[in-house]
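Only one structure is covered here, and it is reproduced in the block below.
The values are calculated or read from the model by the stated rules, or taken from the named source; none is laboratory data. All figures in this text were calculated on a predicted structure; none of them were measured in a lab. Don't worry about glycine lacking a Cβ; one is built from the backbone with ideal geometry, like all the others, and counts go over all protein chains shown.
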Amino acid sequence: MSPTVHDSADIAGSAKIGSGSKIWHHAQVRENASIGENVIVGRGAYIGTGVEIGPNSKIQNYSLIYEPAHLGDGVFIGPAVVLTNDTYPRAVNPDMTAKSASDWTPVGVAIKSGAAIGARAVCIAPVTIGEWATVAAGAVVTRDVKNYALVAGVPARQIGWVGKSGHRLHEIDDKLWKDTVTGDIYAEVDGHLKMTEGTN
């Protein structure tokens, strides 16, 4: 199925849009960006040069995904999320000359498959958001987030674990956690979470 692109969207000729994807009103997709199959890019969203977005992801309205961000499969980006790319932002050099592209090196945010970033959260590059992790709305992420971690606040700190359902996990035994929606069981080992054998 061909992608659906609204007439008001601005899509660079070198951008790749996967089949079944939908690009809505006033979204901009820059040069050499790669958007997988069945991705939704909402109204007014910005996808930077060379950004990669995996299939079945959702980029909600007015999100700003700056290069060189990389999003895995099935990633959720809430409304007005910002993925930055400049660790030391300045409009000018120390001598007050205007900065050009050659005066700084972009750094990216990597978001692993299944992860979700809540509305108006900001991820300060360079950071990696782990698989199936959840960043709460309004959080400011300044360091890497573990797989299945739930983080919130400014700066973001881990406040729990979440399962693939997106629901918070419940501790059923020492270092053993359950997703009450899917029934999946997770074991916490050395501060990291792994699904136990026999679960999906």
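Before moving on, here are some points about what is shown:
- The residue pairs whose first member lies in the range 99-122 and is touching a residue at least 12 places away in the same chain (Cβ under 8 Å), whose second member is hydroxyl-bearing (Ser, Thr, Tyr) and crowded, with 18+ Cβ neighbours inside 10 Å, and whose beta carbons are closer than 6 Å, counting only pairs six or more residues apart or on different chains, are 110/128; 116/134.
- Whichever residue in the range 191-200 is under 25 Å from the mean Cα position of the chain (by Cα) and in a loop (DSSP other than H, G, I, E, B) and, among such residues, is modelled with the lowest pLDDT: 200
- All of (1) surrounded by 14 or more Cβ atoms within 10 Å (Cβ to Cβ); (2) in the same structural domain as residue 85 (by TED's automatic domain parsing); (3) more than 26 Å from residue 55 (Cα to Cα); (4) among the charged types (D, E, K, R) hold for residue 178 with one exception: (2).
- Single unsatisfied condition, residue 57 versus (1) touching a strand residue (DSSP E or B) at 6+ places or on another chain (Cβ under 8 Å); (2) under 19 Å from residue 35 (Cα atoms); (3) touching a residue at least 40 places away in the same chain (Cβ under 8 Å): (3)
- Residue within the range 60-74 that is part of a loop (DSSP other than H, G, I, E, B), at positive phi and surrounded by fewer than 18 Cβ atoms within 10 Å (Cβ to Cβ) present: no
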